[in-house]
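Novice: Got a structure for you, questions after.
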Amino acid sequence: MRDRIPVVVQGRWRGLLARGLWGAAELTVTVGVIVMLLVVHQVWWTNRQAVAGAREQVAALEEQWAARPVAEPSGDSAGGGLPSGDGVDGGQVAGGAADGEVVPSGAPPVSLAPSAGGSVRPRPGGSERAYAVLRIPRLGVVVPVAQGVSRRGVLDKGYVGHYPGTGRPGAQGNFALAGHRNTHGEPFRYINRLRAGDELIVDVKGQRFVYVVGKTLDETSERDTGVIAAVPRSAVRPEYGYSEPGAYITLTTCTPEYTSKYRLVVWGTLRSTERR
């Protein structure tokens, strides 16, 4: 009898170990499925939602513009032809900070890191409202432009955000934009494929501004706000950028893909202004 007792005890331990391993395996599979579903939601479903919402907003803007023709502008058109009330802050970026930080008129310094939502305060009446359409023919991108760069209010909707305090479309200065590279519509996913001479078209009510890509910066710090200054030039890599005043456009997004460690920058200059 004594010789059989260890066999019974050993069998019980083996059974407990097997059940424990089976439970751990089930838990691992369950957690894996949950993670996979979260990834699918973040990468696929948010894209579908954001792209659909952005397309609807573009259609709504174009319908609104067609129904409400713009009166011929009077006087100087240097302000970009945007009528008052379109939600675009007329302030320009004041450069000159020792560390390359951008100091918008009437606003604190900003960085290239989008806010979580609510920390950016555009002009009252224009907060986070789409007022323009950006078209990038080479990439097939057609996306609304809204004031501000908050995630919840602008970027996560699949829109492109206009950095507060930077220039207006078509005006002297730097019309600086931010957009997601991955998830939530990812309108700027492939801007690394843009080359010199490619068109960047900005439509607002009654006008079209055609920019052409001039220069790119493949990687810089999120604190390098010199790239969105009125005369854009990297404060981190000063060999990249411009040295003369002009009418510029800047596209910024995160890089490498699926990270937010650095920023990718594309610059363009205004080629033409057209009435629509």
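Novice: Please state the relative contact order of the range 201-276 as a whole percent: Cα pairs under 8 Å, 6+ residues apart?
Specialist: Values: 151 pairs, mean separation 30.6, N = 76.
After rounding, I find 40 percent.
Novice: Here's another thing I want to ask about it. Under a Cβ-Cβ cut-off of 12 Å, what is the net charge of the residues other than E257 that fall near it, where Lys and Arg count +1 and Asp and Glu count -1? All intermediate terms of the calculation are to be shown ahead of the outcome.
Specialist: Details: positive: R181, R189, K261; negative: E186.
Local charge sum for E257: +2.
Novice: Let me ask something else about it. When Lys and Arg each count +1 and Asp and Glu each count -1, what net charge do the other residues less than 11 Å away from V142, Cβ to Cβ, add up to?
Specialist: Working: positive: R55, R135; negative: E62, D203.
Residues near V142 contribute 0 overall.
Novice: Further question: Note down the relative contact order for the range 128-276 as a percent, whole number, built from C-alpha pairs under 8 angstrom at least six residues apart.
Specialist: On the way: 394 pairs, mean separation 33.9, N = 149.
Across the range 128-276, relative contact order equals 23 percent.
Novice: Rounded to the nearest 20 Debye, what is the dipole magnitude of the range 170-219 about its Cα centre when Lys and Arg each give +1 and Asp and Glu each give -1 at the C-beta? Before the final figure, lay out the partial values.
Specialist: On the way: 7 positive and 6 negative charges, 17 e Å.
It works out to roughly 80 debye.
No value in this document is a laboratory result; all are computed from the given coordinates. Since this is a predicted model, take the numbers as computed values, not measurements. Here the Cβ is made from the backbone with ideal geometry for all residues, glycine too, and neighbour counts use every protein chain on show.
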